[in-house]
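Right, one structure below, let's go through it.
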Amino acid sequence: MEIRTRIAPSPTGKLHLGTARTALFNFLFTRKNGGKFIFRIEDTDVERSKKSFETDMFEGLDWLGVNWNEPKNKEVYRQSERLDLYQKYFKELQKSGFVYECFCTPAELAQERKQMQQAGQIPQYSGHCKDLSEDEKTELRKTKKSAWRLDVKKIAQLKNLPQILKFKDLVHGEIKKNINEIGDFVIIKSDGASIFFFAGVVDDAEMKISHVIRGEDHISNTFSQLILFKALDLPVPQFAHIPLILEKDRSKMSKRKGGHSRIFDLRLAGYLPQGLLNFMALLGWSPKDDREFLSLSEIIESFDLKGIKKSASIFDDDKLNYLNGLWIRHLDDEELLNQFLGWVEWLKQHGEDYSRFSEADKEYLLKCIAICKTRMATLRDFLAADYLLVDPKVDPHLLVFRKSSPEATKNGLEKIKLALENYQGDWEVEPIFNLLSEIVEKKHLANGDVFWPMRVALSGKEGSPSPQELAWVLGQSETIKRIDQAISLL
């Protein structure tokens with residue numbers, strides 16, 4: 001059997017982290033098993049579906065490297081273009097007598113549901129419209145639009161369905177549900193659109209989907225779909241329901257919030273695709289050897305549905321920053337710089353302009369990356385190093401170390417300036433460090449009167465690469481200029 005999986009999002013919002021993680025697991029499973037990964041857009045909700053959200057999904061998955069191989073050439077299947085196919089299968093259900101018109105309004109259904117809950121019953125459709133006469137239907141059609149419901153009891157009787165429906169989930173094991181708990185559900189809305197249960201079943205069968213890998217919030221939907229598969233005599237795929245992603249307070253991650261719930265926002269925050277992929281893979285799955293730092297090829301090699309956990313995954317910002325920082329340090333300087341510059345260009349398209357970086361000399365930026373990467377958790381951290389491109393704003397109070405004085409600080413900076421003006425050796429990190437250490441020793445100064453004020457003079461910050469690294473990047477003349485400017489502030 002050929003392994004065939006799919007991702008089937010609705011384009012009603014930007015690409016959500018949960019959807020991206022589901023796409024990743026499908027992608028990994030098919031890559032590991034030499035199968036096909038299919039992209040299908042479920043856009044029958046015309047009012048909420050937008051092309052801009054489709055574009056965001058395509059760009060987000062492409063950036064992550066989660067690529068589908070059917071349809072080819074980056075195309076996708078769209079349910080809005082397959083309506084004739086759904087109509088064909090719907091007519092089969094009509095011919096079998098498995099569907100009936102329902103004229104109940106949302107208000108009537110809400111009232112019925114409320115009454116059932118108050119009576120301690122499982123809320124489900126009562127079947128009010130099932131036995132309407134043709135005359136009654138004709139009269140109702142004059143003022144109301146009708147939806148179409150599946151007659152679950154009739155299907156159960158004619159298809160010999162068991163009282164207890166069950167399926168073997170590849171993550172959770174056997175899952176059961178009494179068929180009496182499943183009411184007659186809508187498959188065609190009053191506007192004529194096929195809904196999730198029906199169109200999804202038809203598509204999965206037509207596309208020969210072998211495995212449906214999706215979030216565990218769809219477990220309850222599976223039983224309704226099983227009934228549809230049986231009603232239409234279609235082959236049933238295997239199911240694997242992966243754990244949900246929760247916030248740290250164990251609340252459900254919202255699809256409409258910003259921050260870290262959307263791939264766009266995570267990309268905006270400066271995460272690398274390698275770091276985010278690594279993190280997402282570990283949200284609900286782990287390799288047998290419990291490694292955490294993994295490349296995409298290593299994840300594919302290790303991936304197994306048996307490694308998926310049953311319990312919910314918690315989004316941990318600290319772990320994401322840790323893994324992303326590991327990837328920043330793992331990449332060579334040139335590759336990291338190229339990713340950074342590509343990200344800066346992407347930011348410009350979305351309203352943030354950091355042209356001073358893209359216009360800077362590449363060799364100079366490589367030196368900047370070299371001294372900053374060990375302090376970076378995201379690409380956005382490198383933006384804070386703009387003091388390497390423009391004169392920093394230096395707070396004279398910050399120049400003075402907490403155990404020092406303005407007089408001692410000024411004396412230290414003057415000694416540094418004089419030494420650097422007379423220095424003729426190699427302008428490298430280690431010799432510069434040795435020169436500063438020599439000033440401390442021979443001039444009987446404290447480290448806080450030399451290393452601290454020089455760092456602040458060159459960067460304007462108390463947290464930055466070391467003063468010798470900053471000097472190495474800035475060059476001898478620029479370093480002397482900035483120290484001289486700092487002296488004038490004291």
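Residue pairs whose Cβ atoms lie under 9 Å apart, sitting 6 or more positions apart in sequence or on different chains, and linking a residue in the stretch 387-405 that is among the polar types (S, T, N, Q) to a partner that is surrounded by 12 or more Cβ atoms within 10 Å (Cβ to Cβ), are Ser404/Gly412; Ser404/Ala446; Ser404/Gly448; Ser404/Asp449; Ser404/Trp452; Ser404/Pro453; Ser405/Asp449.
Whenever a residue of the stretch 418-432 is in the same structural domain as Arg482 (by TED's automatic domain parsing), its partners that are surrounded by fewer than 10 Cβ atoms within 10 Å (Cβ to Cβ) and not charged (D, E, K, R), lying with C-beta atoms within less than 6 angstrom and at least six residues away or across chains, give the pairs Pro431/Gly425.
Meeting the requirement of 2 or more residues that are more than 19 Å from the chain's Cα centre (by Cα) and at pLDDT below 90, the helices (runs of 4 or more DSSP H) wholly within the stretch 38-121 are 106-118.
Please tell me if Leu64 is crowded, with 20+ Cβ neighbours inside 10 Å, farther than 23 Å from Asp204 by Cα and in contact (Cβ under 8 Å) with a residue 24 or more places away in the chain. Yes, satisfied.
In the stretch 32-48, what residues are surrounded by 21 or more Cβ atoms within 10 Å (Cβ to Cβ) and of a type in the set (D, E, K, R)?
At the first step, the residues of the stretch 32-48 found to be surrounded by 21 or more Cβ atoms within 10 Å (Cβ to Cβ) are 37-44.
The answer is Arg40, Glu42, Asp43.
Scanning the stretch 39-67 for residues that are under 23 Å from Ser295 (Cα atoms) and among the hydrophobic types (A, V, I, L, M, F, W, C) yields Met57, Phe58, Leu61, Trp63, Leu64, Val66.
In the set (1) more than 32 Å from the chain's Cα centre (by Cα); (2) hydroxyl-bearing (Ser, Thr, Tyr); (3) closer than 22 Å to Asp217 by Cβ, the condition left unmet by Thr143 is number (3). One residue stands out among those in the stretch 95-122 that are surrounded by 13 or more Cβ atoms within 10 Å (Cβ to Cβ) and free of Cβ contacts under 8 Å to residues at least 12 places away in the same chain: the one that is farthest from Leu228 (Cα to Cα), which is Met116. Against the test of being touching a Pro at 6+ places or on another chain (Cβ under 9 Å), under 30 Å from Leu140 (Cβ atoms) and not hydrophobic (A, V, I, L, M, F, W, C), the options Lys114, Lys50, Lys95 yield a single qualifying residue, Lys114.
Table: residues versus (1) surrounded by fewer than 22 Cβ atoms within 10 Å (Cβ to Cβ); (2) part of a helix (DSSP H, G or I); (3) of a type in the set (Gly, Ala, Ser); (4) more than 11 Å from the chain's Cα centre (by Cα).
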residue: Leu234; (1), (2), (3), (4): yes, no, no, yes
residue: His260; (1), (2), (3), (4): yes, no, no, no
residue: Leu266; (1), (2), (3), (4): no, yes, no, no
residue: Lys288; (1), (2), (3), (4): yes, no, no, yes
residue: Arg291; (1), (2), (3), (4): yes, no, no, yes
residue: Ile300; (1), (2), (3), (4): yes, yes, no, yes
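Among the residues making up the stretch 406-464, those that are among the basic types (Lys, Arg) and buried (at least 19 other Cβ atoms within 10 Å of the Cβ) are Lys410, Lys417, Arg455.
Condition check for Gln274 on (1) free of Cβ contacts under 8 Å to residues at least 12 places away in the same chain; (2) in a helix (DSSP H, G or I); (3) touching a Ser or Thr at 6+ places or on another chain (Cβ under 9 Å); (4) not small (Gly, Ala, Ser): one failure, at (1). Is the stretch 339-350 home to any residue that is free of Cβ contacts under 8 Å to residues at least 60 places away in the same chain, touching a helix residue (DSSP H, G or I) at 6+ places or on another chain (Cβ under 7 Å) and either surrounded by fewer than 19 Cβ atoms within 10 Å (Cβ to Cβ) or assigned by TED's automatic domain parsing to the domain that holds Ala471 (or both)? Looking for residues that are free of Cβ contacts under 8 Å to residues at least 60 places away in the same chain, touching a helix residue (DSSP H, G or I) at 6+ places or on another chain (Cβ under 7 Å) and either surrounded by fewer than 19 Cβ atoms within 10 Å (Cβ to Cβ) or assigned by TED's automatic domain parsing to the domain that holds Ala471 (or both), one finds at least one in the stretch 339-350, hence yes.
Can you name every residue in the stretch 469-479 that is without any contact (Cβ under 8 Å) to a residue 60 or more places away in the chain and surrounded by 22 or more Cβ atoms within 10 Å (Cβ to Cβ)?
At the first step, the residues of the stretch 469-479 found to be without any contact (Cβ under 8 Å) to a residue 60 or more places away in the chain are 471, 475-479.
Selection gives Ala471, Thr479.
The values are calculated or read from the model by the stated rules, or taken from the named source; none is laboratory data. As the structure is a prediction and not an experimental result, all values here were calculated from the model. Every residue, glycine among them, receives a Cβ derived from its backbone with ideal geometry; neighbour counts consider all protein chains shown.
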